[in-house]
Amino acid sequence: MTQVTLANVRPWGAAPVDIVMSGADILAVVPTGTANDDGEHLDGGGLLALPGFINAHAHVDKSWWGQPWVSYGGEATTQGRIAHERAMRDGLGIPNAASTTAVLGEFLRHGTTAVRSHVDVDLGVGLRGIEAVREAVDAFDGAIEVEIVAFPQDGVMRRPGVLELLDQAAVAGATSIGGIDPASIDRDPVAQLDGLFDIAQRRGVGLDIHLHDGGELGAFQFELIIDRTRRTGLRDRVTISHGFALGELSVSRQQDLLDGCEEAGIAWATVAPPRTAPLPWRGMRDRGIAVGLGTDGIRDLWSPYGDGDMLRIALGFARLHGLRTDEELAYAVELSSTRAAGFVHRRVHDIVAGARADIVLVDAENVQDALVRSPRRRLVVAGGRVVVRDGELQV
């Protein structure tokens with residue numbers, strides 16, 4: 001097996017080391033100059049080294065990236081965005097492997113090496129979106145790994161046949177199935193959760209449920225999900241995505257819900273959008289509740305924004321939550337890398353022996369400097385091979 005040594009780099013801003021890689025994994029991390037002479041050597045030039053970024057909430061099937069600019073339109077509500085997307089996507093050829101490949105290329109160019117992506121499964125596209133995403137992932141020959149959440153964007157119970165499609169997706173290899181606003185979209189939260197938890201139990205997959213509803217309506221659905229997770233024994237297999245309501249509640253209400261999430265092992269994925277209420281991140285961190293960051297959609301019919309840079313997402317989280325100390329700023333970067341390992345079913349994701357060799361080099365003084373400047377990725381190693389040099393893809 002080929003051995004490659006990435007020499008003279010500073011993991012997380014620490015003292016310089018040599019990272020010895022064998023195949024797709026890190027074999028050893030040793031003081032600079034002490035690695036053996038076997039195999040290929042790459043000079044890291046004393047650059048700051050970070051683990052490859054993990055995008056814990058994406059929609060890589062929806063993008064029109066690579067096509068002419070598409071102007072934003074439709075009604076700016078969840079229901080309105082769904083309707084607009086359904087009316088426009090066929091004309092743009094969404095989903096398609098080419099646009100998804102372009103988006104994944106941007107992820108990789110910015111140092112993201114693992115993704116959890118929601119992929120639309122509905123009566124219009126069936127499982128075609130999943131097929132397009134898999135085709136796009138294959139084009140990178142293992143450089144970027146994508147876990148698929150089969151996502152019922154248009155609702156579940158209000159669209160008879162969608163539950164069956166979600167079940168088929170689980171059988172076909174989706175690692176999770178999704179849900180969306182059981183109360184406001186389906187207007188039957190018990191039925192939606194009954195159907196989703198049944199599939200998750202029978203097929204051994206995870207659940208990742210979008211919750212946009214605010215205030216007490218959102219809190220009510222949190223309680224339903226916590227209760228269902230406890231009763232079905234799906235601890236550590238359920239994620240709430242967005243969950244905007246949590247930041248809008250009283251402190252005592254938040255604490256009760258966080259206690260429930262801790263007990264049930266429920267994770268949280270956020271894209272930290274501006275103008276939303278900050279999450280009680282300290283309470284989540286102190287309870288060990290897994291929190292992951294994601295880009296959401298990029299250049300799609302929901303929003304024209306996004307470039308695939310998880311450092312910018314981490315910076316958005318830091319700004320939204322008022323993070324300022326060195327420890328807090330480093331925490332934001334950890335959310336986009338090491339702390340998100342569980343979202344893509346990795347036991348460990350860091351620059352340590354035994355981890356997959358996913359490494360990003362940037363010219364920065366320290367982690368905090370990298371966060372606030374988001375410098376060009378000088379080198380990206382994915383699965384033990386160089387895939388980006390000076391910001392340009394090599395695959």
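The values are calculated or read from the model by the stated rules, or taken from the named source; none is laboratory data. Everything numeric in this text was worked out from a predicted model, so none of it was measured. In this analysis, Cβ positions are derived from the backbone assuming ideal geometry, glycine residues included, and neighbour counts consider all displayed protein chains.
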Would you confirm, using the coordinates I've provided, whether GLN254 is over 20 Å from the mean Cα position of the chain (by Cα), of a type outside the set (Ser, Thr, Tyr) and surrounded by fewer than 21 Cβ atoms within 10 Å (Cβ to Cβ)?
yes
Determine whether the stretch 185-197 contains at least one residue that is among the aliphatic types (A, V, I, L, M), touching a residue at least 60 places away in the same chain (Cβ under 8 Å) and over 17 Å from GLY292 (Cα atoms).
yes
If a residue counts only when it is touching a Phe, Trp or Tyr at 6+ places or on another chain (Cβ under 7 Å), under 30 Å from LEU301 (Cα atoms) and in contact (Cβ under 8 Å) with a residue 40 or more places away in the chain, which strands (runs of 3 or more DSSP E) contained entirely in the stretch 24-65 have at least 1 such residues?
53-58
When you scan the stretch 255-370 for strands (runs of 3 or more DSSP E) that lie fully inside it, which ones turn up with 2 or more residues that are among the hydrophobic types (A, V, I, L, M, F, W, C) and not assigned by TED's automatic domain parsing to the domain that holds GLY13?
267-270, 291-293
For LEU211, are the conditions met, namely being touching a residue at least 24 places away in the same chain (Cβ under 8 Å) and surrounded by fewer than 22 Cβ atoms within 10 Å (Cβ to Cβ)?
no
Within the stretch 350-389, considering residues that are among the acidic types (Asp, Glu) and farther than 15 Å from ASP141 by Cβ, the one surrounded by the fewest Cβ atoms within 10 Å (Cβ to Cβ)
GLU365
Output the number of residues of the stretch 338-368 satisfying the condition of being of a type in the set (D, E, K, R) and free of Cβ contacts under 8 Å to residues at least 24 places away in the same chain.
1
Between ARG312, ARG299, which is over 27 Å from GLU216 (Cβ atoms), within 17 Å of the chain's Cα centre (by Cα), crowded, with 21+ Cβ neighbours inside 10 Å and basic (Lys, Arg)?
ARG299
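To keep it simple, each residue is scored yes or no on (1) surrounded by 21 or more Cβ atoms within 10 Å (Cβ to Cβ); (2) under 23 Å from LEU207 (Cα atoms).
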{"residue": "ALA87", "(1), (2)": "no, no"}
{"residue": "GLY91", "(1), (2)": "no, no"}
{"residue": "PHE107", "(1), (2)": "yes, no"}
{"residue": "ALA114", "(1), (2)": "yes, yes"}
{"residue": "ASP138", "(1), (2)": "no, no"}
{"residue": "GLY142", "(1), (2)": "no, no"}
{"residue": "PRO152", "(1), (2)": "yes, yes"}
{"residue": "ARG158", "(1), (2)": "no, yes"}
Filtering the stretch 26-81 down to residues that are surrounded by 16 or more Cβ atoms within 10 Å (Cβ to Cβ) and of a type in the set (D, E, K, R) yields ASP61, LYS62, ARG81
Filter the stretch 201-247 down to the residues that are of a type in the set (Phe, Trp, Tyr) and within 17 Å of ILE289 (Cβ to Cβ), then identify the one that is nearest to the chain's Cα centre (by Cα).
PHE244
Tally the residues that are under 21 Å from VAL119 (Cα atoms) and among the hydrophobic types (A, V, I, L, M, F, W, C), restricting the search to the stretch 267-318.
12
For the stretch 133-152, pairs from a residue that is in the same structural domain as GLY105 (by TED's automatic domain parsing) to a residue that is surrounded by fewer than 22 Cβ atoms within 10 Å (Cβ to Cβ) and modelled with pLDDT under 95, with Cβ under 7 Å and 6 or more apart or across chains, are PHE140/VAL395; ASP141/VAL395; ALA143/VAL395
